[in-house]
């Protein structure tokens, strides 16, 4: 994917995130580790774990410079219900698109914008894909029951 196209899609994602949440300095602070999801970064290892555990992989594409990604870091992943659904039902993997190999995996899964979250079976088949989501939308994406 050409850098210009990628940047334009990221900017579109930022606009979508800003429409849902007001992005502020407070939102960008690191989430509490208490209930947050612990993300792996080794995709191959996660695939093996998913096969043994008979779980799906939750594959998240992100970058340190991505404001909508930081909003999800602050407001979605530390949410107790979201974290419980992820930890119980998935092998969570976070891929930094700027890290070595991150762009290759992003290309493999057709990532056009970040954040992108993909549910994969243990063989790597895409089950479901989405971009920026609120906590209730993420719970729905994960197939978790919610009473919100």
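All of the numbers you see were taken from the coordinates with simple rules; none came from a lab. Since this is a predicted model, take the numbers as computed values, not measurements.
Tabulated data
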| item | result |
| --- | --- |
| Span from the the range 38-84 Cα centroid across to the the range 104-148 one, whole angstrom | 9 Å |
| The range 80-148 - Kirkwood radius from inverse mean 1/r over Cα pairs (Å) | 13.0 Å |
